[in-house]
Amino acid sequence: MISKKRKLDFKTSSLSLVKRHSVKFKTATIFALLISTVTLNLGFANETSKDEFDKIFHVYVGNSYIGAVADEAAVQQIIEQKEKEASNQFKELTVDAGSNIKIIPEQVFSVDTDEQATLKKLQDSIKVHAQAYSIQVDGNDVAFLKNENEFEAAINGLKLQYVSPTQLSELDARPATASLPPLKDSETRIVDVKLSTEVKGEQVEVTPAEIVTVNEAIQLLQTGSIEKELYAVQAGDVLGSIAKAHNLTTAELIQLNPSITAESVLQIGQQLNVTVEKPYVSVKAIYEKKQVEAVDFTKVVKEDATMLKGKSVVKQEGAIGKKEVSYVISEENGVRTERVQTDEKMLVEPEDRIVVIGTKVVPSIGTGTFAWPANGGRISSQMGTRWGRYHYGIDIARPSNYTIKASDNGTVKTAGRHATYGNYIVINHNNGYETLYAHLSKIGVKVGQVVEKGSSIGVMGSTGRSTGTHLHFEVHKNGSEENPLAYLN
């Protein structure tokens, strides 16, 4: 007989077993149901056509995401429109607006894009580029030209600002290893033209607006600026104030404006170039020159102790010589920076100019003896009473020439005109004696001048109270008239 307690335990155990079997059944049923659902869905997906998906296009400019569009052709239309506009504005350029644009497609169940906003953003973001050729100075881009031909034209054009086309053509045609013939007389020959720093070119892509003309590139390389800065003259302006206001000197301002000088009168409204030039590159030109130059003569002074001090005689006039000289000349931007002489050949030797100067000092004190005051001649009238009046000297006429000479050393006391004597001279011999010379046609000395015995002091004549050409000569001692014949040798 089974006890109630065991019956109860058995019953409880049976119920627990039934419950465990029931849970296992439900779990298996649910798992089977999920498997069938997934299988059904996969089967449905496999049976759906790919054509039933929609497609959108993601648009990027560079690394920047612009948005998505449903119509790829709309993007291409904007690119083509941008390129057309750029081609019309920048003729002869090869432009490109689409190289930086990426279009990535995506399949979606439904299209949900703001195409209008995306296309507008794309319109604003697109940058048109063009093939160009850069001018690089020391590795830095300073300008962009259309192509390599324009690059070469700009470099040649820069050189032509400072050398002639003929010189540049001659230099370009000359083989690098060719030996040059000797220079001809008065010939100047260009040896080299080079830039002060390295200038290179490179194919690049830039926006069309960055591309300049050949002339603009030359201006930029020359001055550091494409456009000149102009100043309109205002009331009260002067060259100095305009120059100072633009950090220039007056000389630099005049150099920038060749039409004006330091004396120019400025007009109100007149346009002046005040561009402070900062060239990117300078043009250096080397020349050889051969020319004939004058060789100045040497001035030689020789002393002569027999000639009076203060007198000089040119013994030899002197003659200019000639020499043939060769130079190497360097210029930078048209301004000479160096000239080196390389050869010299004398063609004609110069002749010295020789001047003889006197060193003899004439004493102003007379010797006490008197020399004949004329070149020969005879006494036409002696001292004494003559024609009712007293004649205080002697007259000398008919000399070999009309030169009148100092009778002794002394100082000219008087040199002038007298009613009776005409042109006359009085010499003070500084020893108590004086001599007088009258009726001269010409006086050759001045008051205060020291004269030497026998030196020329004037020319015989017939001035004053005179009846013909002669010399009236007097000797005074301590203020009294003496008979000249008592003193003349």
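The values are calculated or read from the model by the stated rules, or taken from the named source; none is laboratory data. Nothing here was measured: the structure is a model prediction, and the numbers come from that model. No Cβ is skipped: glycine too gets one built from the backbone with ideal geometry, and neighbour counts run over all protein chains shown.
With respect to residue 205, is the statement that it is closer than 30 Å to residue 131 by Cα and either touching a residue at least 24 places away in the same chain (Cβ under 8 Å) or in a helix (DSSP H, G or I) (or both) true? If you could, list the steps in order and put the result at the bottom.
Values: closer than 30 Å to residue 131 by Cα: yes; either touching a residue at least 24 places away in the same chain (Cβ under 8 Å) or in a helix (DSSP H, G or I) (or both): yes.
The answer is yes for residue 205.
Looking at region 295-335, what strands (runs of 3 or more DSSP E) fall wholly within it and have at least 1 residues that are in contact with a Pro (Cβ under 6 Å, 6 or more places away or on another chain)?
Fully inside region 295-335 and qualifying: 321-332.
Please determine, by comparing only the residues of region 407-419 that are touching a His at 6+ places or on another chain (Cβ under 9 Å) and not in a strand (DSSP E or B), which one is surrounded by the most Cβ atoms within 10 Å (Cβ to Cβ). Can you show your working first?
Of region 407-419, the ones touching a His at 6+ places or on another chain (Cβ under 9 Å) are 407-411.
Now narrow it down to the ones that are not in a strand (DSSP E or B): 407-409.
On the way: 407: 28, 408: 24, 409: 22.
Only one residue tops the list, namely 407.
State whether the residues of region 125-142 include one that is modelled with pLDDT under 90, surrounded by fewer than 19 Cβ atoms within 10 Å (Cβ to Cβ) and assigned to a helix (DSSP H, G or I).
yes
I'm trying to understand the selection: among the residues of region 435-489, which are crowded, with 21+ Cβ neighbours inside 10 Å and of a type in the set (Asp, Glu)?
Selection gives 474 alone.
Taking residue 184, is it over 30 Å from residue 64 (Cβ atoms) and either more than 30 Å from the chain's Cα centre (by Cα) or assigned to a loop (DSSP other than H, G, I, E, B) (or both)? Please lay out each step first, then the result.
Working: over 30 Å from residue 64 (Cβ atoms): yes; either more than 30 Å from the chain's Cα centre (by Cα) or assigned to a loop (DSSP other than H, G, I, E, B) (or both): yes.
Yes: the conditions hold for residue 184.
In region 242-291, how many residues are out of contact with any helix residue (DSSP H, G or I) (no Cβ under 8 Å at 6 or more places or on another chain) and outside any strand (DSSP E or B)?
Residues in region 242-291 being out of contact with any helix residue (DSSP H, G or I) (no Cβ under 8 Å at 6 or more places or on another chain) and outside any strand (DSSP E or B): 17 in total.
What about residue 443, is it outside the structural domain of residue 307 (by TED's automatic domain parsing) and under 22 Å from residue 369 (Cα atoms)? Break it down stepwise before answering.
Values: outside the structural domain of residue 307 (by TED's automatic domain parsing): yes; under 22 Å from residue 369 (Cα atoms): no.
It is false that residue 443 is outside the structural domain of residue 307 (by TED's automatic domain parsing) and under 22 Å from residue 369 (Cα atoms).
If the requirement is being outside the structural domain of residue 59 (by TED's automatic domain parsing), acidic (Asp, Glu), under 30 Å from residue 62 (Cα atoms) and out of contact with any Phe, Trp or Tyr (no Cβ under 9 Å at 6 or more places or on another chain), which of these qualifies: 141, 112?
141
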